[in-house]
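Here's the structure we're looking at; comments come further down.
The values are calculated or read from the model by the stated rules, or taken from the named source; none is laboratory data. On a predicted model such as this, the values are computed, not experimentally measured, just so you know. For neighbour counting, all protein chains shown are included, and Cβ atoms are generated from backbone atoms with ideal geometry for every residue, glycine included. When the accessible area is computed, the model is the full protein with side chains, heavy atoms only, and any ligands, DNA or RNA have been set aside. Shrake-Rupley method; radii C 1.70, N 1.55, O 1.52, S 1.80 Å.
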Amino acid sequence: NLEVDFMAKKLLSFLGTGDYKEGIYNFNNLEYGQYKTNFIQEALVKTACKDWDKNDKIIIFLTDKARKINWYNEEDKNKRLKTNLENIHIEVDDVSIPDGKTEEEIWDIFDIISNQIDDGDEIIFDITHSFRPIPMLALVALNYVKVVKNAKILGIYYGAWEARNEDNIAPIFDLTPMDEILEWSQAVNTFLRYGNSGHLKDLSLKILRPKLPNEQWAKDTRDFIDKLDDFTMGIYT
């Protein structure tokens, strides 16, 4: 029997215990639209994930307290993210995590995050309501699954409610370049230590290609990496 693996897109997000107010979240200067809601997760589903299909998944990490307050609040219908996400066409999983108040619990969260990602998954990570050490933990976990599970990072986003304007429109910040900087650093380190330019070449194809038509710096960087790759290939062949 021929076994076919379907790579899935997954939105991973943390739900907190705050008193989230209704506002309009503006994604990428309206390139993907905007959405009015109490919950950044719903805004991302309706904008960044609007073209996803039934093979994809939304994963919400939440503590016991967050489950009672904002996942499904028995007393306040405005604090029910669960209800808000019930009528979308994408599967939604709620995954319990500890509070993250000890080092052991932090490592438990790391394992829980990693276990939700399968080989070849494409990931959007929302860190808006993450507990203080979680954003750093997220970067570590994401880079871990990129290596171990060949996962791809589509985006890392932060709903900046505190940066909203007078019309209650809040931007969604794209923090994906931070992950790209980390990967570029790893590629340069590999080259300097071992003379291997393969990682730099791969990054130039993945990250620089979309920028080549309009960005001169991308063209110059791509040309430099190509020459570097030709040079190292000449040495080792």
| task | Sort out which residues of region 18-54 are modelled with pLDDT of 90 or more and aromatic (Phe, Trp, Tyr), and write them in order of number. | result | Tyr20, Tyr25, Tyr35, Phe39, Trp52
| request: Looking only at region 116-127, count how many residues are open to solvent by 40 Å² or more (accessible area, probe 1.4 Å) and closer than 21 Å to Gly16 by Cβ. | output: 1
| said: Would you confirm, using the coordinates I've provided, whether Phe131 is buried (at least 16 other Cβ atoms within 10 Å of the Cβ), of a type in the set (A, V, I, L, M, F, W, C), at pLDDT below 90 and not in a helix (DSSP H, G or I)? | reply: yes
| message | So, in region 141-168, exactly how many residues are more than 11 Å from Ile117 (Cβ to Cβ) and open to solvent by 80 Å² or more (accessible area, probe 1.4 Å)? | response | 5
| request: Sort through Ile90, Ile113 and tell me the only one that's at pLDDT below 95 and crowded, with 20+ Cβ neighbours inside 10 Å. | output: Ile113
| request: Find all pairs meeting these conditions: Cβ atoms under 7 angstrom apart; at least six residues apart or on different chains; first residue within region 54-75 and crowded, with 19+ Cβ neighbours inside 10 Å; second residue among the aromatic types (Phe, Trp, Tyr) and in a helix (DSSP H, G or I). | output: Leu62/Trp71
